[in-house]
1. Compute the distance in nm between two label points, each set 7 Å from the Cα along the Cα-to-Cβ direction, one at residue 22 and one at residue 45.
2. Please give the length that would be gained between residue 58 and residue 236 if that part of the chain were fully extended, namely 0.36 nm times their separation in residues minus their C-alpha to C-alpha distance (nm, one decimal).
3. Determine the order of 63, 127 by accessible area, beginning with the largest, at a probe radius of 1.4 Å.
4. Measuring from label point to label point, each 7 Å out along Cα→Cβ, what is the residue 99 to residue 163 span in nm?
5. Report the full-extension gain for the segment residue 129 to residue 248: residue separation times 0.36 nm, less the Cα-Cα distance, to one decimal in nm.
6. For the range 61-181, calculate the relative contact order in percent as a whole number, restricting contacts to Cα pairs under 8 Å that are 6 or more residues apart.
7. As a quick test, which of the pairs 33/163; 33/94; 33/132 have an alpha carbon distance above 23 angstrom in this structure?
8. For the pair residue 153 and residue 178, what calculated FRET efficiency results from E = 1/(1 + (r/R0)^6), where r is the Cβ-Cβ distance and R0 = 30 Å, to the nearest 0.05?
Amino acid sequence: MAKTLVAALALAALPSALAFRNTSPLFLFSTAKLNLPSEDASVAQSSQLTTDIFDALKGCPTRSYIIVQQEGVAAADYTDGLSSPRLSHYMSGKDDAIRTSFAVPDVVGRVDQSMILDHLTANCGGRASIVKFAAVPSSKAERQHSLQKADEHMAALIATEAKSENYTLIYVTTPLDERASKALEEEHPPYEMENTYGNYDQMELKRDLASHVRRANSTNSAGLFERYQYFTPGLFMAFTAIVPLFLILLVGIRALTSLEVSYFAFSKEMGPNAQKKQ
């Protein structure tokens, strides 16, 4: 996984990176091929991250395990690579022995390094060690110097305890305190967008209501037949249906009136034939 530490923490270099309060980065590199996401996550929960580390180290893939805890840092401390050149070297893939490298710029919550140590001790024997570095100072120069010393100590641990072969290193950090966070924000002020339109004053857009007034005035001055519609489509359909019905009624009345029946048809028969019927 060839990449630079600056690329791994690209989001931390953005102005919005400082918007993530109470977060800090985590790094992991190993000489074994671990089952970790191929793409680094930008933000992750500490509990989920701990579970992913346990799953990746299942079966004890390496001989030695080193846990480094750095107090009071942020992702912006590692973006340029000057504060931790050796860590950047291992994470960049320049070391041929490193087969897995994984970084999370903003970890929400604290990763419990003691829990990781107990897990490795119980499952992988006594091949795990831990080292803790104190919180770095607030000023930029002192922070860089302190992180460089911690970086040298980390490289010495890899050379002595892991003998630079067959090892996994988990670099856990804790967030900045309030004072250091304010100092870091002063060193990385928020980005202000340039005004591409020069010094033109902003004008508030308003709706033109004069057209509505003119339309209302023109409606009031219109004639009766211009303002209202009398011959509507519904009325036209009604007339269309009435015409054939009226024609049917007219034909029926004419048929009834054209009947010709003699008055004798309605008289009572009184002749001999009537007596025979009775």
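1. Calculated label separation equals 1.4 nm.
2. Fully extending the segment from residue 58 to residue 236 adds 55.7 nm.
3. From most exposed to least exposed: 63, 127.
4. Going from the residue 99 label point to the residue 163 one covers 1.8 nm.
5. So the extension gain works out to 32.1 nm.
6. 55 percent
7. With Cα atoms farther than 23 Å apart: 33/132.
8. Calculated value: 0.65.
The values are calculated or read from the model by the stated rules, or taken from the named source; none is laboratory data. All of these numbers come straight from a predicted model, not from anything done at the bench. Every residue, glycine as well, gets a Cβ built from its backbone with ideal geometry; the counts of neighbours run over all protein chains shown. Heavy atoms of the whole protein, side chains included, go into the accessibility calculation; ligands, DNA and RNA do not. Shrake-Rupley method; radii C 1.70, N 1.55, O 1.52, S 1.80 Å.
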